[in-house]
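Please treat every number below as a calculation from the coordinates, not as lab data. Keep in mind the model is a prediction, meaning the values are calculated, not measured. All Cβ positions, even for glycine, are placed from backbone atoms using ideal geometry, and neighbour counts span all protein chains on display.
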Amino acid sequence: MPPIPDLELMSNRELVELLKEYGISSGPIVGSTRKIYEKKLLQKLTGEEIKSQYAPAPHDDSEEDVPPSPAYKDLSDSRSQPRKRGFRSGTPENVEPLNESYRRSPRLNKKPMKFTSTPIQKPGNTDQDSSKNSSSSGGIPLWIKIVLILIAIVIGYLVLQNMEISVDNNIPRGIEAEV
Amino acid sequence: MSSTSQKHRNFVAEPMGEKSVTELSGIGDTLGKRLSDDGFDKAYVVLGQFLLLKKDEDLFKAWLKDSCGANAKQQKDCHTCLKEWCDSFL
């Protein structure tokens, strides 16, 4: 097995060449992309997984309920240490019940979250923009649909009631006319 | 009903302009803060990174995981969101 080159010491050009050698199509190697390409090359060279320096974010991070992924092995302690400790000590046994509880809860949480998500998720926009977005995008909120369906059912029931009464009224009139 | 979220639909419906990074699908407060701390405070900066990685799905997901600890679903949501936005507006 060839010795693993020190990727951090290589120039951007050399890194591009090395990526080509390993068949990894690459974009420009700049400050923000270099680290990822280095990790990808390391992964190819050593067969290890790319590890995140961060602990996984909590479930409330996106609007949908996301079961927490298994704890990552962290590379460095430089950031967010208290949270890291919590996740490091979390064994798979601790993680699985959390997964189950999040799986159970999505149905419960979805409706309230839909109510609250629109004001929360747009701090930069005005309320007018958010209301315009919700009405113009074509997605009618679920609760409005439910209300409309209920109103339709109520109207239908009232119509049926009135129809029965009118039939009853017609019969006596018909008899009276013949007599 | 489609499988995409309201957040996703809102984002891909219009040019992103000056939208915050937390308006990207999959990116909430925690991930958004981590990205902002690295300088990725606006959605267009994350778009820039996506384009620098030549819109490669695996690389972008790996970068998201590395830079803010996004899990697989969050990576997928964010990538899909940006990809569809690019298909419409880029």
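Would you be able to tell me the number of residues in segment A:3-27 that are within 14 Å of chain B (Cβ to nearest Cβ) and either farther than 19 Å from B:Leu53 by Cα or in contact (Cβ under 8 Å) with a residue 24 or more places away in the chain (or both)?
So the count comes out to 1.
Select from segment B:8-24 the residues that are within 15 Å of B:Lys76 (Cβ to Cβ) and either of a type in the set (Gly, Ala, Ser) or in contact (Cβ under 8 Å) with a residue 60 or more places away in the chain (or both) and list them in ascending order.
B:His8, B:Phe11, B:Val12
Check off (1) surrounded by fewer than 22 Cβ atoms within 10 Å (Cβ to Cβ); (2) within 12 Å of the chain's Cα centre (by Cα) for B:Phe50 and give me the number that stays unchecked.
(1)
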